[in-house]
Structure formats: structure tokens, C-alpha cells
Amino acid sequence: MKEGRPRSFYVLAIFFAAYVLFLYGPMIAIYVLSFQGPQGGLTFPMNGVSTFWIAKLFQGTGIVDLGAAFRRSLLLGVIVMIVTVVLSVAAGMAFRRKFKAQSLLFYSAIASLIVPSIITSLGISLEFRIIDDLIKAHWNESFETSMGLLTSGLGAHLTWTLPFGLLIMFAIFNRFDPRLEEAARDLGATPWQTFRHVVLPIILPSVIGIGLFGFTLSWDELARSSQAIGAVNTLPLDLQGLTTTVTNPDIYALGTVISAVSFTVITLALGTIHVLNKRQAAKGSDAGKGLV
Amino acid sequence: MSEEVLQQASPGLIPGSGTARAAKATRLSPSFISWLQAGPMMLVFLAFFLIPLVFVVIVSFWDYNEYQLLPHFSGRGYTDTFEGCLAQLPDLCTIGKTYLKTLKLCFMVWAITLFIGFWVAYFLAFHVRSKTWQMGLSLLCTIPFWTSNVIRMIAWIPLLGRNGLVNSGLVKTGLINHPVEWLLFSEFSVVLALVHLFTFFMVVPIFNSMVRIDKSLIEAAYDAGATGFQTLVNVIIPLAKPGIVIGSIFVITIVMGDFITIGVMGGQQIAAAGKIIETRVNALQFPAAAANAVILLAITFLIITMMSRIVDIKKEL
């Protein structure tokens, strides 16, 4: 017995559809345009269909060495992902009981999320500049810089990914049943065994979600990288650089390739989460299945 | 109690107490474990967020020349920023105009994202009845967020450019004779791109507070004779307010600090608060950049405080 839909439903449904079109329309346009023929330009209509511009990217004949930037972004993204997962899970566990500095950590995370990225980025670059000056003045005059992909760059990305990781952990433990741990303890499990065999398997799908956030946020990060990464560029930085000089569709091809990596990672993560949830549903509990 | 006390008083009295004690010695105190668990994240925020913020404030009071920072106290970062402002009164100086422009862009993006975000969230929370559809449609809104912002910005170029789809479409239909220029590299394109990029940050928190609204409250409002509009204003909006405020804080802080979207979509022509910082850094004038960062931080903080005030006051009434 379904009641009829009110008129507002149809109005809002159209509004929603228009919003989705607004979201996707432009993106689809560049994915299509990246398959321009060799003579194709930056706008429609298509001038033939080919993978010329994508192939050109991988030949490294473009303005910048995209292959190297690609590998750097990938390396940084994977490291950010691992660090984000480990630190978020650990801190999430800590937040389940009261501890000193709890609110300091919480407000640091929230502030890190909402202080404009350019300020965080500028601060990190100043910090490293001052460290460099100190090293030059006191230890080694020919010292170049301590800024780099895995020092200042990694730190800058973590200030962006960790708040998301922590907030996801809050959501996870909000609906976690602590009686499961109690049962494990009663059966004689050590704290580590409880975590390894009871807590972790249950929260694993969401932990993969944190990893997904960590990787994709780092992979696409631009504002915080801009001042804090040092001499080298990540892929989004190269892409931004291209926007002022570009005349060829290779920028769209690059956009398509970056998006393709993002979507592959998302699909893999969502797939894994799905499989884990299925397994949990199938093997997690034998309640109601009888005694033998 | 007894066993522990006995053990302490005379070790070795109770059989097996040696191993029990060893186990006790290796067991860590809960507060130490908490430090161990939360410490690493705290260290990251300390090293890459809190200390850098302190450095921004300190460096904003340093002196500089063309080549380097001069670490002694100076107000030059600030005086250079406001250079000529007093002389030009009552007209606004460049920095004043820039901040006014930033606030204007910020307000426009906020108003539009709030409108779109509210109705999209409303549709998802109240009109989509099946949980599966709700999940699916939410995911649909989320997917574009997972790709690079720059790509989503440049995606507008083939549509809005001089020979873009919009212009050629308008010319073909005879609505205009010549392609219009203001579609791209203008305030219009900046606002459009910012709305495109960040409406998501409005949808998620508003949706979150809307799905928590007890549906029976809405039924009660209808039963008591309220019209749809009255229910919206007196029941739904007040209950969704936390989400609205959180979404607004996100959008406002992002737009206030933005320099990439404004740079790319404004054709590097539009001055904004974030752009000033970037320009100063590129000119190696770090104290001036830091001074602008401090000003920007203060304004952002002021807006956030005001917004959270509005909600708290209303809540108390």
C-alpha cells in the first residue's frame, strides 16, 4: 500500500537530476575530448577518435616528465595511505576511553581540516626553511634543504588525511559492540589477541575505507602540496602548471589518466569491502545454526 | 584484594606467584597505552600543523629583503600589506578591495551551495524511501569528489570557452550573434567552478542531520495543521541546522583560502586573499605572506565564531 508521491517529489527529483548532470556533464566532456584525433583541439567538435594524446603522455614527449611525477604521486599516496590507516586506527582505539590531551587532539584534527590549506602549507614551508637555516648555520654550510616529498610533503598530506581517518574511526566505534571484546577477554584472550582476532576483522571494511580516503585525498591533493613539497612536483601540481600553457588535448588525456587511477583504486577498495562484508555475514556468527 | 596484598607482603608465598608477577610487570597502564595509541597522530599534528601555525605568526613579524628572511622583529609584513591604505581613505586600497572581493565570492558560493545542498539533501533524506536507492544516489553524488579538483575545473573549459559548447550552441540557435567572453576566465566561471567542486561539502552534513530527524515529528506537524512550508521552516530547518552550519563552515573556509580555483578559472586575473599569499611566496616575501595568512586566518576564525554563535543563541531560545 504505497501512498502517492506529492508534487514536491517530482520537482525535487528534476532538481536532483539537474544537479547530477551538472556534476557529471563537464567531466564526461573532458573524458571524451581526451580521445581526440591527432589534429583535434581543446573543444568540440571531435576531430577524429584516437588514443594519440594518451599515448603521447606515456612517451614522455610532453612539457614535463609526467612519468616521474606519476611515480612520485603513487609512492606518496601509498605511504600516506599506510600511515593514515595505522595512525587513525591507533588513535581511534585511544578515543574509546578518556585520556589526557583527548580534546587537544580532537580540536587539532578539526582545526587542521578547516584552516585554509594555503596557511598550513605556508607554515610547513616556513618551518622547514627555518630548520634548513639552522642546519646551515650550525652544522653544514653546504646543506641544501630538508624539504622533500617524504618529509614536508608527507607531513602536509597527513594534516589533510588524518582528520578524515579519525572521524571515520569515530563513526566505526559508535556502532561497535564492546561486549564482543568482553567475551574475548573472558575466554582468556590477551589485549593484542582481542584486537587481532575480534576487533580488527569486524572493523576491517571501514579500515579499508580509511585507506581509500588516504590514498585518493593524497593522490589529488594540490593546495597543501603547492608550498610544502619542495623542488619536485606531484601529478596534480604538474597538471595545474599545464593549465596556463596548454594548447593541446594532452591535458585532458592526463586528466583522464589521473581519474582512471582514482576510479580503479575506489573500485578495488569498494570490491574488497563488499567481499569482506559478505564473508562476515557468512562466517561471522553461527548463532541459530544448532549445536553441532 | 587479598591475593595481591599477600603477594606484595611476601613474594613467593603463593604458588605460581612468580609468573603472575611477571605478567603484571609487563601489563601497561591504561593511560600509557592511550598515549602510545594517540601519540603518533598528535606528533604529526604538532610537527606539521601546530608548530607551522606558530611559525606563520612569528615570521609575520620578521623583517625581509630581496633574498632572505631577517629574523628580527619588524612590522614590515603588515605595513607592506596595507601600504597606502590610510592615504587613500575614504576609498578602499588594493588590499581592502581584494578582501571585499574574496568575501563577495565567498558569500555567493555559500548561498548557492547552501541552496543546492539543502534541496539535494532534502530530496535524498525525505523523498527517497528505499535505503538502497538512498545509498546509490548518495554514492552518485560522491563519485566526482574522488577525482582531482584541477580536472574538474578544466572540465569547464571545453564548455565555456570562446568556441565552447555553450557559446556555439547559443550562436547556432540565434540567441546571440557573437560568442560571449564572460563565460570563462571571469568571476562567473570562478563561482561556477567553486559551486561545482564544493556543493558536496554542503550535501553530506545536511543530509546527515536530516536523516536523523524523527519522521514522526513531521507527521505530527502535519497532523497539527501545519502547511508544508510551515513544517519546513519550523521543524525541518531548525533540526537540520547543525548540518547547515557544519557545511557552511566547510565551504566558507575552503573558498576564503582558495587560490587554485580562482587562479585557474579566473585566468590568473582575479585577486583574492589566497592569491595574495601565493604571490608573496613566489616573490620570496615570506613575512608579508605570513602577515596575510594571519589576517586571513583571523577573518576566517571570526566568520566561524559568528556562525557557531548564531546557532547556539537560537538553540538557547
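Rule-based calculations on the coordinates, nothing more; no lab input. Source: prediction; values computed, not measured. A quick note on method: Cβ atoms are made from the backbone with ideal geometry, for glycine too, and the neighbour counts reach across all protein chains shown.
Taking 7 Å steps out from each Cα toward its Cβ at A:L204 and A:I131 produces label points 3.6 nm apart.
Across chain A, Cα-Cα pairs more than 34 Å apart make up 42 percent of the total. Between the beta carbons of A:H274 and A:A17, assuming R0 = 35 Å, the FRET efficiency works out to 0.80 to the nearest 0.05. Placing unit charges on the Cβ atoms only, positive for Lys and Arg and negative for Asp and Glu, gives chain B a dipole magnitude near 600 debye about its Cα centre. Treating r as the C-beta distance of B:R212 and B:N65 and R0 as 41 Å, the FRET efficiency rounds to 0.15. Using Cα positions and a limit of under 20 Å, work out the aspartates and glutamates in reach of A:K56, with same-chain residues fewer than 8 apart set aside. List returned: A:D65, A:D238, A:D250. Full extension of the segment from A:F173 to A:Q102, taken as 0.36 nm per residue of separation minus the current Cα-Cα distance, would add 24.0 nm. Scaled to the globular estimate 2.2 N^0.38 Å, the Cα spread of segment A:130-175, given as radius of gyration, is 1.86.
The ranking of A:Y10, B:Y67, B:Y122 by Cβ neighbour count inside 10 Å, starting from the fewest, reads B:Y67, A:Y10, B:Y122. Are there any helices in chain B, counted as whole DSSP H runs, that stretch 18 Å or more along their axis by Cα and score at least 0.5 on average by Kyte-Doolittle, and if so which? Length and hydropathy pass: B:30-45, B:94-122, B:187-211, B:237-257, B:286-316.
If segment B:35-89 were replaced by its equivalent ellipsoid, with semi-axes equal to the square roots of 5 times the Cα gyration tensor eigenvalues, what would those be, largest first, whole Å?
Values: eigenvalues 247, 39, 11 Å².
Each semi-axis is √(5λ); the values are 35, 14, 7 Å.
Averaging the sequence gap over all C-alpha pairs within less than 8 Å and six or more residues apart, then dividing by the number of residues, gives segment B:243-310 a relative contact order of 31 percent. Dividing the alpha-carbon radius of gyration of chain B by the rule-of-thumb value 2.2 N^0.38 Å gives 1.44. Across all Cα pairs in segment B:15-150, the calculated P(r) in 5 Å bins from zero up to the longest distance comes to 2, 7, 7, 7, 8, 9, 10, 11, 10, 8, 7, 6, 4, 2, 1, 1, 0, 0 percent per bin. Short-range pairs are left out: with C-alpha atoms under 8 Å and at least six residues apart, the relative contact order of segment B:180-317 is 28 percent.
Shape class for segment A:49-208, computed from the alpha carbon gyration tensor (a ≥ b ≥ c): oblate, with a/c not under 1.5 and a/b at or below b/c. The residues B:V191, B:V56, when put in order of fewest to most other Cβ atoms within 10 Å, stand as B:V191, B:V56.
Sorted into 20 angstrom bins from 0, the C-alpha pair distances of the protein assembly as shown split as 16, 47, 29, 7, 1, 0 percent.
Per residue, the convex hull around the alpha carbon atoms of segment B:187-309 comes to 110 Å³. Label zone (A:A282, point 7 Å along Cα-to-C-beta; backbone nitrogen cut-off 18 Å) within segment A:193-231: A:201-202, A:204-205. From Cα pairs below 8 angstrom and at least 6 apart in sequence, can you work out the relative contact order of chain A, rounded to a whole percent? Over chain A, the number comes to 28 percent.
Give the order of A:W53, B:W119 when sorted by the count of other beta carbons within 10 angstrom, beginning with the fewest. List each step's numbers first, then the result.
Details: A:W53 23, B:W119 18.
Starting with the residue having the fewest Cβ neighbours, the order is B:W119, A:W53.
With both labels modelled 7 Å from their Cα along Cα-to-Cβ, the A:N47 to B:L302 distance reads 5.1 nm.
How large is the charge dipole for segment B:168-278, taken about the Cα centre, if only the Cβ atoms of Lys, Arg (+1) and Asp, Glu (-1) carry charge, to the nearest 20 debye? Please report the intermediate quantities before stating the final value.
On the way: 5 positive and 7 negative charges, 16 e Å.
In debye, rounded to 20, segment B:168-278 gives about 80.
In this simple spin-label approximation, B:I58 and A:S8 carry label points 7 Å from Cα along the Cα→Cβ vector, and these lie 5.6 nm apart.
Fully extending the segment from B:Q268 to B:L139, taken as 0.36 nm per residue of separation minus the present Cα-Cα distance, adds 43.1 nm.
For segment B:141-201, the percent of C-alpha pairs falling in each 10 Å distance bin, counted from 0 to the bin holding the largest distance, reads 22, 44, 26, 8.
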